[in-house]
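**Q** One structure, as structure tokens, below. Some questions next.
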Amino acid sequence: MRSISSDEAPARDEILRSLKAFPIDLLKIYPRSFCSKNGLAYGLIRTSEGKKFVVMGERSHVLKDAFLGNCHHQSSSLKLCDLSAENTECLMALFPYTKPVSLRKYPMTIGTGDRLGMATPGHIRAIKKFQAHPVLAQQSVRENGQTGRNFIEVIQDAAWAVFQENYQEGYGADGDHLKSLQDIKGALDAGISMATLDLSEKINPEALQEPKELIDQKFKEEIDEGDSKVIFHLFLGKEFVFKGPDGQFSIQFDEESVKRNTLLFCKGLDFTEEVYEWIRFRRGNQGSIDFEISIDETPFPTSPENHFFFALELSHRGVHIQSLAPRFIGEFQKGIDYRGDRDDFRRQFYQHVLIAQDYGNYKISIHSGSDKFSIFSDMGRLSKGFLHLKTAGTSWLEALRLIALGNPSLFREMYSFALSRFNEASKLYHVKADLNRIPNLEELSDEELPVLLNQEDSRQLLHITYGYLLNEKDKAGKHLFKDKLTHTLMQYEEDYWSMLETHIEKHLSSLGVKNR
Ligand code: ZN
């Protein structure tokens, strides 16, 4: 376990002295969390019953305090509180920095999904060293389905971690890959500050493939005559020129490409507009929600021409977004480096950046953004640090690395189980792992197990099977791995956080983000 650094030590000793006066089973304190407000001291500790929030001070003050918990009285009083939903609300009211906020005023943002709700302190420790702001609560509907959590719990876990680390710079909460108004409503009710609308079910990729005659016919049938006049007026007979430090390029449309893009995006654009207006109406003056559009899970790469068509249509409809996630050329697979031609990527990424800058001034958002070390410096340079990067599964993989180091037998069981579920899992996620390339588990010594977290195929295997690993139960209905996994992570939590700190730090420095 990490020892507490000397600058924290005096505070820690004083807190320990006060706490030891009470008959509680104190295992650990989180020194950065301790603070005083309105004459009371607040902080986080761990007892044999898990993490607890404490309120300490004069008896009359403690009794009047709003948090729910059990009181102990000596010469002073102590209240021991669960990290419950009610207490999270009190926490956010008393310490407003624990509540998610819009990050639209910050150029560099990074989303760090925390699937287990245990990684966030490590994320904060890395990000606070950089000129970047974090979206600490970031889960998709699909991830919540796999982990058995919901947006409320995801935000609660982030809020307590923010308090634990005394991180007061502001953080976001992203409802990721929301596909319906129902999804959006659930996420807004839970308190998100960012909504990512996934248009993959509203996009019509056939429009890029079908023969010209069919496109002509469909365009005539499906697009209102007045609308088609406006669209042709917007796009035809013009050259859209983009200039930047790496040179200029232009985009032109002919009638056929206008028709194809219209049929490709018309339902997605209508839906985006509907959701945008609905959120504005629902939020009233409750503060803005950062709005991202994701088209990264479509079956075709988003060409600069597609992107520009979409962007100009959005601005014509008066829809303002904070970020857009295209599907880039090449392969952006989960948890591993970029696969593809880096020159092609660089050229197209530059074009995406200039389009976003000129037609709405929004960020390019990089999904499946973890571990793309070979292209991070290009992304950072070409976007001039105006960028949103999303990572999630990579922190899960670091959790498994810790299990490999701290509890090798558990790791072996989990790994074998993951192998048995690979075929099913690979239907849910876009990966191209080849299991024949993975080293044989039986031939690896315990010390060699972390190798499996470095090899790309085994990384992908472990990346996409998290839902199966977390949900699997034995005949008695007990989780097969989840409880042992969280227990081991908790046992070595400081090590887990410092591994994450190093890992996320490597991402930010590779992107060229400046230190604070
Ligand atoms: Zn995505």
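The values are calculated or read from the model by the stated rules, or taken from the named source; none is laboratory data. From a predicted model like this one, the values you see are computed outputs, not experimental measurements. Note that we place each Cβ from the backbone using ideal geometry, even for glycine, and neighbour counts take in every protein chain shown. SASA here: full protein model, heavy atoms, side chains in, ligands and nucleic acids out. Shrake-Rupley method; radii C 1.70, N 1.55, O 1.52, S 1.80 Å.
**Q** For a quick check of your reading of the filter: which GluC sites (Glu not before Pro) in the range 32-111 sit in a DSSP loop and have no more than 12 other Cβ atoms within 10 Å?
**A** Those satisfying the criteria are GLU49.
**Q** Apply the Karplus curve 6.51 cos²θ - 1.76 cosθ + 1.60, θ = phi - 60°, to the phi angles in the range 34-43 and return the couplings in whole Hz, x for Gly and Pro.
**A** 6, 7, 10, 8, 6, x, 10, 9, 10, x
**Q** Keeping the other protein chains in place, figure out the carbon and sulfur percent of the accessible area of the range 150-199, with a 1.4 Å probe.
**A** Ligands and nucleic acids excluded, carbon and sulfur give 43 percent.
**Q** Then there is this: What figure, in Å² to the nearest 10, do you get for the accessible area of HIS73 with a 1.4 Å probe and non-protein molecules left out?
**A** Estimated to the nearest 10 Å², HIS73 gives 70 Å².
**Q** Using a 1.4 Å probe on the protein chains only, how many percent of the accessible area of the range 311-387 belongs to carbon and sulfur?
**A** Carbon and sulfur together cover 45 percent of it.
**Q** Output wanted: per-residue J couplings in Hz (rounded whole) for the range 62-78, from phi through Karplus 6.51 cos²θ - 1.76 cosθ + 1.60, θ = phi - 60°, x for Gly and Pro.
**A** Couplings: 4, 5, 7, 5, 7, 5, 8, x, 9, 9, 10, 10, 10, 5, 10, 10, 9 Hz.
**Q** Give me the accessible area per residue for the chain, probe 1.4 Å, as a whole number in Å².
**A** Result: 43 Å² of accessible area for each residue.
**Q** Report the normalised scattering of the range 341-397 as log10 I(q)/I(0) at q = 0.13, 0.22 Å⁻¹, calculated by the Debye formula with identical scatterers on the alpha carbons.
**A** Debye intensities relative to I(0), on a log10 scale: -0.33, -0.86.
**Q** Using Cα pairs closer than 8 Å and at least 6 residues apart in sequence, work out the relative contact order for the range 394-504, in percent.
**A** 36
**Q** Something else about it: For the range 394-504, what % of the accessible area comes from carbon and sulfur atoms, probe 1.4 Å?
**A** Heavy-atom surface of the range 394-504 belonging to carbon and sulfur, 1.4 Å probe: 49 percent.
**Q** While we're on this one: How much length would be gained if the chain were fully extended between LYS484 and LEU26, taking 0.36 nm per residue of separation minus their Cα-Cα distance, in nm to one decimal?
**A** Roughly 162.7 nm would be gained on extension.
**Q** How far is helix 225-235 tilted, in degrees, relative to the longest principal axis of the Cα atoms in the chain, given as a value from 0 to 90 rounded to the nearest 10?
**A** On a 0 to 90 degree scale, this one is about 80.
**Q** Setting aside same-chain residues fewer than 8 positions from LYS179, which lysines have a Cα under 21 Å from its Cα?
**A** Excluding near neighbours in sequence, the set is LYS202, LYS267, LYS334, LYS363, LYS390, LYS427.
**Q** Please list, by residue number, every one of the trypsin sites (Lys or Arg not before Pro) in the range 351-456 that is coil in DSSP and has at most 11 other beta-carbon atoms within 10 Å.
**A** Answer in residue order: LYS427.
**Q** Pull up all non-local amide H partners of PHE373: gap of 5 or more, or a different chain, and H-to-H distance under 5 Å with H placed in the peptide plane.
**A** Hits under the 5 Å cutoff: TYR338.
**Q** Among the listed pairs LYS105/LYS128; LYS99/LYS128; LYS37/LYS185; LYS129/LYS432, give every one whose C-alpha distance is greater than 23 Å.
**A** LYS37/LYS185; LYS129/LYS432
**Q** Under a plain spin-label model, where a point goes 7 Å from the Cα along Cα-to-Cβ, how far apart in nm are SER377 and LYS506?
**A** Result: 1.6 nm between the two label points.
**Q** Then there is this: For the residue pair ASP495 and ALA476, what label-to-label distance in nm results when each label sits 7 Å from Cα along the Cα-to-beta-carbon direction?
**A** Here the answer is 2.7 nm between the modelled labels.
**Q** Along each of its three principal axes, how wide is the spread of alpha-carbon positions in the range 286-387, in whole angstrom units, largest first?
**A** Principal extents (largest minus smallest coordinate, Cα): 38, 31, 27 Å.
**Q** Tell me the relative contact order for the chain as a rounded percent, counting alpha carbon contacts under 8 Å between residues six or more apart.
**A** Relative contact order, the chain: 14 percent.
**Q** Would you report the distance distribution of C-alpha pairs in the range 9-94 as whole percents per 10 angstrom bin, up to the bin with the largest distance?
**A** Calculated P(r), rounded to whole percents: 17, 58, 25, 0.
**Q** Sort LYS99, LYS64 from largest to smallest accessible area, using a 1.4 Å probe on the heavy atoms of the protein chains.
**A** From most exposed to least exposed: LYS64, LYS99.
**Q** Sticking with this structure for a sec: Just the accessible area for LEU83, please: 1.4 Å probe, Å², rounded to the nearest 10?
**A** 50
**Q** ³J(HN,Hα) across the range 346-353 via Karplus (A = 6.51, B = -1.76, C = 1.60, θ = phi - 60°), whole Hz, x for Gly/Pro?
**A** 4, 5, 6, 4, 4, 5, 4, 4
**Q** Where the centre of each part is set by its Cα atoms, how far does the range 315-364 sit from the range 370-447, in angstrom?
**A** Distance between centres, Cα-based: 24 Å.
**Q** Quick one, can you get me the convex hull of the C-alpha atoms of the range 394-504 expressed as volume per residue in Å³?
**A** About 104 Å³ per residue, rounded to a whole number.
**Q** Ok, one more. Semi-axes of the equivalent ellipsoid for the chain, please: Cα gyration tensor eigenvalues, times 5, square-rooted, ordered largest first, whole Å.
**A** Computed over the chain, the values are 44, 28, 21 Å.
**Q** Here's another thing I want to ask about it. What shape does the range 189-259 have by the C-alpha gyration tensor, where a ≥ b ≥ c are the square roots of the eigenvalues, rounded means a/c under 1.5, and otherwise prolate means a/b greater than b/c and oblate the rest?
**A** Verdict is oblate for the range 189-259.
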